[in-house]
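Following: one structure in structure tokens, then a few remarks.
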Amino acid sequence: QLSKQFHYDFGLRALKAVLVMAGQLKRGSPDLSEDVVLMRALRDMNLPKFVFEDVPLFKGLIADLFPGLDCPRVRYPDFNDAVESVLEANKY
């Protein structure tokens, strides 16, 4: 069970936001199956909200909801390379 956090919101507004995002993802990538689209929307809308300790629990819930489905993270190589070069230049 996820911990109780003030900023966790699983109400109707949050559900609507997930569904809106799923619709946008499906329109943007019509070749993706609906289960992949829904999994991505649930993951991408909720994962940033969780405290570190709840992330493995949430990933387990997603794995239970979508067994055998692997949905890799979307990568932004140009952005990531730019961030890494700035961090290296500033000795971080």
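The values are calculated or read from the model by the stated rules, or taken from the named source; none is laboratory data. If you're wondering where the values come from, they're calculated on a predicted model, not measured in any experiment. Every residue, glycine among them, receives a Cβ derived from its backbone with ideal geometry; neighbour counts consider all protein chains shown. To get the accessible areas, we keep the full protein, side chains included, count just its heavy atoms, and leave off ligands, DNA and RNA. Shrake-Rupley method; radii C 1.70, N 1.55, O 1.52, S 1.80 Å.
Here the range 1-90 exposes an accessible surface that is 62 percent carbon and sulfur, computed with a 1.4 Å probe and the other protein chains kept in place. Taking Cα centre as origin and charging only the Cβ of basic (Lys, Arg, +1) and acidic (Asp, Glu, -1) residues, the dipole magnitude of the chain rounds to 360 debye.
Site pair residue 91 and residue 69 shows an inter-label distance of 4.8 nm when each label is modelled 7 Å from Cα along Cα→Cβ. Counted by Cβ distance under 13 Å from residue 9, the other residues give a net charge of +4, where Lys and Arg count +1 and Asp and Glu count -1. Extension gain, residue 34 to residue 6, is 7.0 nm, computed as 0.36 nm per intervening residue step minus the present C-alpha separation. Available extension along the chain between residue 44 and residue 79 is 10.8 nm, counting 0.36 nm per residue and deducting the alpha carbon span.
For a straight C-alpha distance cut-off of 17 angstrom, the lysines reachable from residue 16 (same-chain residues fewer than eight places away being disregarded) are 26, 49.
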